[in-house]
1. Would you kindly calculate the mean projected area, averaged across all directions, of the convex hull enclosing the Cα atoms of region 205-263, in square nanometres?
2. Could you give the dipole magnitude of the chain about its Cα centre, charging the beta-carbon of Lys and Arg +1 and that of Asp and Glu -1, in debye to the nearest 20?
3. Looking at region 213-313 from every direction and averaging, what is the projected area of its Cα convex hull in nm²?
4. Quick one: grab the alpha carbon gyration tensor of region 56-146, order the square roots of its eigenvalues as a ≥ b ≥ c, and give me rounded if a/c is under 1.5, else prolate or oblate depending on whether a/b is larger than b/c.
5. Normalised by the number of residues in the chain, what is the relative contact order in percent for Cα pairs under 8 Å and 6+ residues apart?
6. Determine, from the Cβ-Cβ distance of LYS121 and ALA156 and an R0 of 41 Å, the FRET efficiency 1/(1 + (r/R0)^6), rounded to the nearest 0.05.
7. At ARG37 and THR146, where each label point lies 7 Å from the Cα along Cα→Cβ, what is the point-to-point distance in nanometres?
8. Which whole-number value in Å² is the accessible area per residue of region 142-227, probe 1.4 Å?
Amino acid sequence: MRDSVGWTRSGVVVSLAAAWFSCAVAVASAAEQWPTRPVHIVAPFAPGGATDILGRIFADKLAERLGQPVIIDNKPGAGGNVGAAFVAKSPADGYTLFIASSPGFTNAPALSKDAGFDPVKDFVPIAQLATQSFILCVKSSMAPNTIPEFIAFAKANDGKLSYGTPGIGTPHHLAMEMFKQMADINVAHVPYRGGAPMVQAALGGEVPIMIASYVIAGPYLDNGQLKAIGSTSTHRVPQAPKIVPIAEQGYPNFNVEAWFGLVGPTGMPEEAATRMDREIRAVLAMADVRTRLLQIGFEPPGPLSTSDFGEILKRDVKSWSKVVVDAGITPE
């Protein structure tokens, strides 16, 4: 009896252990199988814009690698806040993700009285998709050709100059406000409803200065209607390497580079985030993708881990919020 009972009890223990192991394997297997249905990536701006185009470049490639459709859902509004708030409140199952960009995403709480989300608490970082630098441009008829000459010109015309941007709170706007603080100059901000009207205003003489991406400014720099005074990142813009960074013209600590990255709602499965990060890295290694990014004015990001991306996100929330406060920009 003892042997029989002992054997029976051991058998029960073994059976329970086997059942637990089978369960664990099933759960792990299910996690590894993600995704089992279409993945939706929310782009918070209208179709045809930079964020939308960027998202679709990755969506097509990711769909091939994941074996499931990857759908770009455009949810524009409130400078990107509508889309971000929607994803923050979506089920954290890995099937609804968001294309975030800095500084719009990271400074949303500082620029809005009710953004509807917290960029750190409500999201987990997955991977960077691309970066983008900007160019400080002036009308070709203006005297300055370098940053020192531009600063001297601005101080000689204190309060008389204005600069255009695609809107309040855009990276273009905050880049110029940061530069104004560093250089101690007084130049008024004139926001427009996008890059196209900003350029037309600059070409028409409505504003003599503007901050723009190379995609927007490039054609007018090439035909001589505008001239570049400096670029905003510490490295040279790949599409225009002759433009000297502001950092090389007396302001080594000046570095403004917008980033675009994929994030998901807090609580999403770690396995899903890890898999998506791995596949994005694989897509970024493709020569045709890197070429396409450069053609439309982006740059492939450097090698960053998910935790590195998370630290950048947190850093930008803090640093850009300070720029907003120092510039006296009032939350709307």
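The values are calculated or read from the model by the stated rules, or taken from the named source; none is laboratory data. None of the values given here were measured: they were computed from a predicted structure. FYI the Cβ positions are ideal-geometry reconstructions off the backbone, even for glycines, and counts take in every protein chain you see. Please note that ligands, DNA and RNA were not included when accessible areas were found on the heavy atoms of the full protein model with its side chains. Shrake-Rupley method; radii C 1.70, N 1.55, O 1.52, S 1.80 Å.
1. 5.5 nm²
2. Approximately 80 debye in magnitude.
3. It is 7.9 nm².
4. Verdict is oblate for region 56-146.
5. 25 percent
6. Working: r = 47 Å, r/R0 = 1.14.
Efficiency for this residue pair is about 0.30.
7. Using points 7 Å along Cα→Cβ, the separation is 6.2 nm.
8. 42 Å²
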